[in-house]
Amino acid sequence: MSMNTFGHLFRVTTWGESHGPALGATVDGCPPGVAIDEAMLQQWLDKRKPGQNKFTTQRREPDAVRILSGVFEGVTTGTPVQLMIENTDQRSKDYGDISEKFRPGHADITYWQKYGIRDYRGGGRSSARETAARVAAGGLARAALAELAPGLEITGYMVQMGPHGIDRANFDEAVIAGNPFWCPDATAAETWAGYLDDLRKSGDSVGAVIEVTARGVPAGLGAPIYAKLDTDLAAAAMSINAVKAVEIGEGMAAAALRGSENADEIRMGPDGPIYSSNHAGGILGGISTGQDIVLRFAVKPTSSILTSRRTITKSGEETEIITKGRHDPCVGIRAVPVGEAMVACVLLDHLLLHRGQTGGNRGRIG
């Protein structure tokens, strides 16, 4: 299986399976001298790890990350950083019944059609467990960004669960960490709790929409054509398990606007350009404007449900299947820290590219 690496200069290669002994990431291209230790990475993994409440899978994994290389005396050396997370709570027996069956909505059937072999234990490489490695790599990217672009902040949150969206008038960043959904609307979070609890008890699942905002991003990141910043951000978000759509800024809603509404007017402020709005989501022509970068992605409902579904076997026989095991009723909850990590990796990658080509911003205004 190829294509397990993303990034241009800051390159992340993930490895491992859901029910293997471990999984992790090899990070190449991290600048030297970045202060990092396992505790700094662990804070981000703790946001993603399973079993924290009744609304996520009850698989109990500490997701303890180990740094195996690339760090000496508390700082990166410029050589590859190897990160490893051991699996400790696998229940492979839960998947014995599906060894010959394809779970609807899962990658089982396409992995089989492509490779002629598949690890059916939790989905193997296609499992969302792989994203733990991305979060570890994202923690390293955040540490580098803190030194190279002080003031840059990346915040993810859920803005919709199933048909229930937040009220933007109630948006309060202070409440995001205070509920199990990373929701910025306390009232919506209460509604979601009852809604998801009923779905969980009925053996069903639901999708979600996640928004990630990056503030303090320098202007000039990205390239005009094939390495646009929004191209790489969209690809990074789409690569997350179960993601089916990505938007930047106004996104699909821009199609309903007039040009006079959509174009973000520009004035001159005391410290540089000021925009009247941010329909562009902080990116114009593939290059960052210095405004907030706003990205949203839609996560489909978890396909592993306790409701019987029709399927076929490897031999082509029609049958039914109920997916046993421990699964998230809304996988979008744990996708929030994953989205943050992918944005961090892409922004660091483009910051390094920008510095390498131009040495910093060249076209000064005012």
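Applying a DSSP loop filter and a limit of 10 other Cβ atoms within 10 Å to the chymotrypsin sites (Phe, Trp or Tyr not before Pro) in segment 76-159 leaves nothing.
In the context of the full set of protein chains, segment 126-265 has a per residue accessible area of 43 Å² (1.4 Å probe). The share of Cα pairs per 20 Å bin across the chain, counted from zero up to the longest distance, runs 28, 56, 15, 0 percent. Separation of segment 173-204 and segment 1-45 by C-alpha centroid, Å? Answer, in whole Å: 30. Rounded to whole numbers, the Karplus 3J(HN,Hα) couplings from phi for segment 220-228 are x, 7, x, 9, x, 10, 8, 10, 4 Hz, using 6.51 cos²θ - 1.76 cosθ + 1.60 with θ = phi - 60°, and x at Gly and Pro. Summary: within the chain, the longest segment free of GluC sites (Glu not before Pro) located in DSSP loops with at most 10 other C-beta atoms within 10 Å is 74-264. The helix-only estimate of mean residue ellipticity at 222 nm for the chain, built from DSSP H runs of length n ≥ 4 each weighted as -39500 (n - 2.57), is -8000 deg cm²/dmol after division by the residue total. When Rg and the Kirkwood Rh are both derived from Cα coordinates, the Rg/Rh ratio for segment 246-331 amounts to 1.32.
Around the amide H of ILE312, modelled in the peptide plane, lie the amide H atoms of PHE102, THR319, all under 5 Å away and 5 or more residues distant in sequence or on another chain.
For segment 5-358, the dipole from Cβ point charges (+1 on Lys and Arg, -1 on Asp and Glu) about the Cα centre works out to 1040 debye, to the nearest 20.
The values are calculated or read from the model by the stated rules, or taken from the named source; none is laboratory data. Remember, it's a predicted structure, so these values are computed and weren't measured experimentally. All Cβ positions, glycine included, derive from the backbone under ideal geometry; neighbour counts span all protein chains shown. The accessibility values were calculated without ligands, DNA or RNA, using every heavy atom of the protein model including side chains. Shrake-Rupley method; radii C 1.70, N 1.55, O 1.52, S 1.80 Å.
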